[in-house]
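Remarks on the structure that follows.
The values are calculated or read from the model by the stated rules, or taken from the named source; none is laboratory data. In this text the structure is predicted, and so the values were computed from the model without any measurement. Cβ sites come from the backbone with ideal geometry, for glycine too, and all protein chains shown count toward neighbours.
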Amino acid sequence: MREGEALATSSHRSRESIRVVFLGGLARDVGVREVEVEAETWAEALRLLRAGYKVLADVIDEDGKPRPGYLVFVDGVDSRIAVPGRAREIVILPVNHGGLETLELSWSDVEELSYRVAEKIVRDGREVDVIVGVLRGGVIPARIIADVLGVPDLETVEVKLYERAGVRGKRPYIRRPLIGNINDKKVLVVDDISDSGLTLETVVNFLSLYGPRSLVTATLYIKPWTKFVPDYYAASTDKWVVFPWEKKEVERELGGSMK
C-alpha cells in the first residue's frame, strides 16, 4: 500500500472531509504539511492517518491517540479533552525530545518582548488597577509590564499544566490561589506564553469568580495552534520557547544541551 492510500478508504457511513495539518519537524517526516481525510469522526481520521503513513505509527497509537511527545488538537482543543465526534481540522505536532525545536531567549529578549506588550497596552489606552502574574513563567514579564504601566498592585496565581518540557499533564489545576483582592478592579493577567491556551483559560475562569470589573490577558508569545489568544502578545512561534529562568531545568529534562 502506498503512503496515504488508506486515507481514501471508502465506506457506506456518512463521512466528511477533515483537514489535517502537520507542524514542526513532523511535516518533514511525513512528507506533506497537510492532507484531507475522509472520515466520520476525528478519532477515525487519526486511525486512517496511522494506517496511511508508516511514520505516524510512532506518533499515533492503535486507538488513534497521540503517543508521548506529541500533541493533537481537534478544532483548537487538546484531543484528550475534545468532545468525540466530527471535526473540521486536526493539528498534529511534536513537542518532546527528538521532535522538540527550541527557541532560547536571553534576559534582554524577555525585557524587549515585555516592553512590546506594555506599549500595545498603552497605545490601546487600557487602564489597569491590578496585574496578576501566572506562576511561574508569567511573574517576571508581569513585573516588567507593571513597571512600565506604573501599576503598583501585583498579585500572583499558580496553575500547573506541564509535568516537564514537552510533556503535558492531563488537566490544568490551580496550585496556588489568588490572595489579593480584585473585586471591581480592572485586571491584567500576564503569562509567558499561550501554548494550548488551557492555562490562561483556567486562570481567566478562576479569576472571574472574584468579581473583577474587567479582565484582559497578555503573554510574550503565543503558539499558532492555541485555543486561547490573549488580548495582547508580542510574537508567535511554533518552537518550544526556553526562557532564561529555566535553561538548566529544560536541559536536565531533555537529557542534554539544547539545540
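Scanning region 121-134 for residues that are farther than 9 Å from Asp191 by Cβ and either among the basic types (Lys, Arg) or surrounded by 16 or more Cβ atoms within 10 Å (Cβ to Cβ) (or both) yields Ile121, Arg123, Arg126, Val128, Asp129, Val130, Ile131, Val132.
The set of residues in region 23-34 being over 16 Å from Gly76 (Cβ atoms) and of a type outside the set (Gly, Ala, Ser) consists of Leu26, Arg28, Asp29, Val30, Val32, Arg33. Per the conditions (1) of a type in the set (D, E, K, R); (2) surrounded by fewer than 21 Cβ atoms within 10 Å (Cβ to Cβ); (3) within 16 Å of the chain's Cα centre (by Cα), the sole criterion not satisfied by Lys186 is (3). In this structure, does Glu34 turn out to be within 15 Å of Arg88 (Cα to Cα), acidic (Asp, Glu) and at pLDDT 90 or above? Against the criterion (within 15 Å of Arg88 (Cα to Cα), acidic (Asp, Glu) and at pLDDT 90 or above), Glu34 qualifies. One residue stands out in region 66-88 among those that are basic (Lys, Arg) and at pLDDT 85 or above: the one that is farthest from Phe22 (Cα to Cα), namely Arg86.
When only residues in region 190-237 that are among the aliphatic types (A, V, I, L, M) and within 21 Å of Ala82 (Cβ to Cβ) count, which is surrounded by the most Cβ atoms within 10 Å (Cβ to Cβ)? Among residues in region 190-237 that are among the aliphatic types (A, V, I, L, M) and within 21 Å of Ala82 (Cβ to Cβ), the one surrounded by the most Cβ atoms within 10 Å (Cβ to Cβ) is Leu200.
Flag: Glu111 matches the condition of being part of a helix (DSSP H, G or I) and in contact with a helix residue (DSSP H, G or I) (Cβ under 7 Å, 6 or more places away or on another chain). Whether a residue is touching a Gly at 6+ places or on another chain (Cβ under 6 Å), touching a residue at least 24 places away in the same chain (Cβ under 8 Å) and either exposed (fewer than 15 other Cβ atoms within 10 Å of the Cβ) or part of a helix (DSSP H, G or I) (or both) was assessed, and Ala118 does not pass this test.
Suppose we keep only residues that are of a type in the set (A, V, I, L, M, F, W, C), free of Cβ contacts under 8 Å to residues at least 60 places away in the same chain and in contact with a Leu (Cβ under 8 Å, 6 or more places away or on another chain) within region 190-239. Which one would you say is nearest to Leu178 (Cα to Cα)? Filtering first and then ranking leaves Phe206. Could you check, for region 163-171, whether at least one of its residues is in a strand (DSSP E or B), at pLDDT 95 or above and of a type in the set (Lys, Arg)? Scanning region 163-171, I find no residue that is in a strand (DSSP E or B), at pLDDT 95 or above and of a type in the set (Lys, Arg), so the answer is no.
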